[in-house]
Amino acid sequence: MSKKHNFSAGPCILPQEVFEKSAQAILDFNGIGLSILEISHRSKDFVPVMEEARAIVKRLLKLGDDYEVVYLGGGASLQFLMVPFNLMKAENGKAAYLDTGTWAANAIKEAKHLGQVDVVASSKDENYSYIPKNYTVGEGYDYFHCTSNNTIYGTQMKTFPDVPTSLVCDMSSDIFSRVLDFSKFDLIYAGAQKNMGPAGVTMVCVKKDILGKTGRNIPSYLDYSLHIKKESMFNTPPVFPVYATLLTLQHLENNGGIAAAEIRNEAKAKLLYGEIDRNPMFETFCKEEDRSLMNVSFKLTDESKKEEFDNAWKAAGINGLNGHRSLGGYRASLYNALPIESVQVLVEVMNSIK
Ligand code: PMP
């Protein structure tokens, strides 16, 4: 069976080299005569994996020793709760949130368990088809939370506001895809299952000096400081996802890092949006200026062509093009590992629909 053109939104395509090295590690990890699945997370063979997986994030994001990286279970969804647990004051806690989509709204819902949440701006009124711009975050907030890329709606924040408090960002679906000044953020989190690696692990990168200031009693697993102290070994970490994440990030580092990935991602997005704009059979859901380079959500202008289009892309070996169940239409996810050749195949199929 030849490799499909995989536009899946996550879990998603990873570099072929990562699949091959991961498969080898399951059979015999680093030639030690054991599978990575059967060794202790505290063994001399695995501990360096965790150490390097933490260090490489800081190298790629160009962050210094004032930041710590931890790998946790529970998905990005657990971070919706851990962020307020660790950053919202126990007394009169108050946080500001930007509501740009389903995941942002889920983060808001969890934070409300712990204190006051002010939604400073929302694009819900227009089905999350744009990124709100003219809002301000006033004084007195424990932190401001935003979502850099809205995986379902295909919108992406191009700039980030200057705020008089900690800037916290859910970068699950566009981390490592474009150059940003990451030192602007006090806390970044990302479920691994897009640009980082397989599902099952979440990366949190936090500036140490924002922790320990809430006066809140934090349950052990939810406490970032404890995970930092235990070097992501407070409990048994998801060893295999961490290893595959390390391989993915090493692949990125060896191929020019984030800057080179950004150039490749821009070329892929330009090719696909170019076809959508040129071809009267297709249109996007969102405002042009807010289009995501990672998730291109689009639809047919003539629904009667659905069967023809669906049959055509499936016949071309394309996988994972259906839109999210809440939005319908189509979604082509152009994550780091997706080759431009796959986008070319999709564009040819779109071009054939008349
Ligand atoms: N945030 C964003 C931006 C996402 O795209 C997703 C999942 N696709 C989540 C959060 C939730 O992640 P998880 O399934 O790891 O909890």
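The values are calculated or read from the model by the stated rules, or taken from the named source; none is laboratory data. Quantities reported herein were computed from a predicted structural model and do not represent experimental measurements. Reconstructed Cβ throughout: ideal geometry from the backbone, glycine too, with neighbour counts over all protein chains shown.
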First in segment 18-46 and assigned by TED's automatic domain parsing to the domain that holds Q193, second anywhere and outside any loop (DSSP other than H, G, I, E, B) and surrounded by fewer than 12 Cβ atoms within 10 Å (Cβ to Cβ), Cβ under 8 Å, 6 or more apart: S35/L27
Quick check: anything in segment 102-112 farther than 22 Å from Y153 by Cα, away from the ligand (no atom under 15 Å from the Cβ) and not in a strand (DSSP E or B)? yes
Is it the case that segment 121-136 has a residue that's of a type in the set (A, V, I, L, M, F, W, C), part of a loop (DSSP other than H, G, I, E, B) and closer than 21 Å to A9 by Cβ? yes
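Which of the residues that make up segment 137-175 are within 14 Å of the ligand (Cβ to nearest atom) and part of a loop (DSSP other than H, G, I, E, B)?
Answer for segment 137-175, where residues must be within 14 Å of the ligand (Cβ to nearest atom) and part of a loop (DSSP other than H, G, I, E, B): S148, T151, I152, Y153, G154, M157, M171, S172, S173, D174, I175.
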Residue by residue through segment 130-176, note down the ones that are surrounded by fewer than 24 Cβ atoms within 10 Å (Cβ to Cβ), in contact with an Asp or Glu (Cβ under 8 Å, 6 or more places away or on another chain) and polar (S, T, N, Q). T165, S166
Under 6 Å between Cβ atoms, at least 6 apart or on separate chains: pull out the pairs that start in segment 238-256 with a residue that is under 14 Å from P48 (Cα atoms) and in the same structural domain as G74 (by TED's automatic domain parsing) and end on any residue that is part of a helix (DSSP H, G or I) and of a type in the set (K, R). L247/K21
For segment 258-312: of the residues being aliphatic (A, V, I, L, M) and more than 26 Å from D181 (Cα to Cα), which is surrounded by the most Cβ atoms within 10 Å (Cβ to Cβ)? L272
In this structure, is V120 in contact (Cβ under 8 Å) with a residue 12 or more places away in the chain and away from the ligand (no atom under 16 Å from the Cβ)? yes
